[in-house]
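A.B. asks: If you scroll down you'll find the structure; I have some questions about it.
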Amino acid sequence: MKAAKLVLLGALALGLGGCSLLFGAREQPVDFWQPVLSPDGRFLAYVARPGGARTYGLYVLDLQSQEERLLVRMDQDVVYPTWSPDGARLAFIGMQEKDNWDLFVVEVATGRVQRLTTDPALDVNPFWAADGTIVFNSNRGGSWGAWAIRPDGTELRKLSFDRPRP
């Protein structure tokens with residue numbers, strides 16, 4: 001019985017924290033998140049903290065030259081990048097007002113950022129569809145649903161129905 005408990009605790013430790021939890025080593029902070037490959041496979045977009053910063057910015061890495069470029073830095077975190085089908089833009093979630101996540105688009109070549117949503121609801125989990133529409137989750141109206149918007153901020157529409165609460 002004691003051996004079974006040890007095996008279970010070891011498996012749990014590996015699942016929760018790896019070797020550092022088992023052997024007392026200090027975990028290294030993760031500073032590289034949410035990598036997404038461009039449609040042509042040439043670039044990697046990801047979020048990371050610029051040197052000494054408190055918030056995450058959006059980076060693009062040229063995989064051939066290994067040149068890294070900070071594309072977007074805001075006062076609050078930038079998260080969940082997704083490439084446009086042509087690889088020219090990235091949609092992402094950022095925060096301008098406290099506790100209000102909105103949808104943004106940035107042109108990769110110029111770094112020009114456009115805010116697409118300004119609703120006090122949470123707009124999260126963007127995905128750029130093949131037809132150029134950006135699909136995302138939002139809790140507008142008090143319940144979570146799937147929404148879509150054009151990359152210029154027009155044609156906002158709800159895609160899903162409201163699910164009855166259990």
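Taken together, the values in this text are just the output of simple stated rules run on the coordinates, not laboratory data. Being a predicted model, the structure only gives us computed values, none of them experimental. In this analysis, Cβ positions are derived from the backbone assuming ideal geometry, glycine residues included, and neighbour counts consider all displayed protein chains.
A.B. asks: Starting at the first residue of segment 127-143, write each ³J(HN,Hα) from the Karplus equation 6.51 cos²θ - 1.76 cosθ + 1.60 with θ = phi - 60°, in whole Hz, x for Gly and Pro.
C.D. replies: 9, 8, 6, 4, 7, x, 6, 9, 9, 8, 9, 8, 9, 4, x, x, 9
A.B. asks: Using the Karplus curve 6.51 cos²θ - 1.76 cosθ + 1.60 with θ = phi - 60°, what ³J(HN,Hα) values do you get for each residue of segment 50-60, in whole Hz, with x for Gly and Pro?
C.D. replies: x, x, x, 7, 8, 10, 7, x, 9, 10, 10
A.B. asks: Highest mean first, how do 150-157, 131-138, 113-120 rank when packing is the count of other Cβ atoms within 10 Å averaged over residues? Write down the numbers at each step before the final one.
C.D. replies: Values: 150-157: 12.5, 131-138: 17.8, 113-120: 15.1.
Going by the mean number of other Cβ atoms within 10 Å, highest first, we get 131-138, 113-120, 150-157.
A.B. asks: Thinking of segment 96-166 as a set of Cα atoms, what percent of all their pairs are more than 20 Å apart? Working shown, then result.
C.D. replies: Working: 745 of 2485 pairs.
Of all Cα-Cα distances in segment 96-166, 30 percent exceed 20 Å.
A.B. asks: Order 80-89, 60-69 from most to least packed using the mean count of other Cβ atoms within 10 Å. Walk me through the numbers on the way to the answer.
C.D. replies: Numbers: 80-89: 18.0, 60-69: 12.2.
So the order, starting with the most tightly packed, is 80-89, 60-69.
A.B. asks: Also: If you take the C-alpha gyration tensor of segment 31-158, multiply each eigenvalue by 5 and take the square root, what semi-axes do you get, largest first, in whole Å? Mind showing how you got there, number by number?
C.D. replies: Numbers: eigenvalues 113, 62, 24 Å².
Those come to 24, 18, 11 Å.
A.B. asks: Could you give P(r) for segment 51-100, binned at 10 Å from zero, as whole percent values over all Cα-Cα pairs?
C.D. replies: 22, 49, 25, 4
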